[in-house]
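Here is the structure we will look at, set down as structure tokens.
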Amino acid sequence: MTPFVFFSLSLPVILRQAGVPLELIGLTAFVYVPAAFSFFWASLVENRLRAARRAHLDWVLMPFAAMAIVSAVLSFTPPSSSFSAVFLLVMAISVLSATGRIALMGYSVAAFAEHEHALASVAMLSGSAVASLLGAGGLLYAYSVWGWSVAILGVAVIAAIGAALAAAAPKANPLETD
């Protein structure tokens, strides 16, 4: 969620400072579209989750690792250089983040006993909210002190940490079929 918060709140300001026209800056509101419409591919992810014991973690690891790579590429694309390139890379990060979020929610269900689901959900949502606020604030601070490349590399580092945690996390039982 950190990329959603950072890109929705900070990217418009960054683009304005870079002299990007307001008409284009308004398009950054589309950063939430992948999260809003992730239900279109959630069943694909969910069906893959049922197939293997480590599938939850693989579906967290793969999008987060790809998000780290795409973020690294974005860090070399200054916001004033090509709005189209920046927009496409930001949207790719949003899709990857939404996909990882689907798998993370599936993992939280599969990794805990049924009587622990409510607590696990609250912990995941609370942790996600705190991490988003701290992460987005930290990225904005990095941008204000060191600039675009460092802030976006921060997104890459956050994604890489998520991928590493998924690689190290304990396996969950596969979801039960209906």
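Each principal axis of the Cα cloud of the chain was taken in turn, and the coordinate range along them, longest first, works out to 52, 29, 25 Å. Helix 83-110 and the longest principal axis of the Cα set of the chain meet at an angle near 20°. Placing a pseudo-label 7 Å from each Cα along the Cα-to-Cβ vector at Ser82 and Ala169 gives an inter-label distance of 3.4 nm. Compute the acute angle (0 to 90°) between the alpha-carbon long axis of helix 117-146 and the principal axis of greatest extent of the alpha-carbon atoms of the chain; round to the nearest 10°. Roughly 20 degrees between the two axes. Using helices alone, what [θ] at 222 nm do you get for the chain, with -39,500 (n - 2.57) per DSSP H run of 4 or more residues, divided over all residues and rounded to the nearest 500? After summing the helix terms and dividing by the residues of the chain, the value is -24500 deg cm²/dmol.
Summary value for region 19-178: 38 percent relative contact order, contacts being C-alpha pairs under 8 angstrom separated by 6+ residues.
The accessible surface of the chain, taken with every protein chain in place and a 1.4 Å probe, is 71 percent carbon and sulfur.
Roughly what angle does helix 148-168 make with the longest principal axis of the chain, taking Cα atoms, 0 to 90 degrees, to the nearest 10? With both axes taken from Cα atoms, the answer is about 10 degrees. At full extension, Ser121 and Val13 could sit 35.6 nm farther apart than now, given 0.36 nm per residue minus the alpha carbon distance.
What does the accessible area per residue of the chain come to in Å², with a 1.4 Å probe and no ligands, DNA or RNA counted?
52
The values are calculated or read from the model by the stated rules, or taken from the named source; none is laboratory data. Given the structure is predicted, the values throughout are model-derived calculations rather than measurements. With ideal geometry, Cβ positions are generated from the backbone for all residues, glycine too; neighbour counts draw on all protein chains shown. The area values use the complete protein model at the heavy-atom level, side chains included, leaving out ligands, DNA and RNA. Shrake-Rupley method; radii C 1.70, N 1.55, O 1.52, S 1.80 Å.
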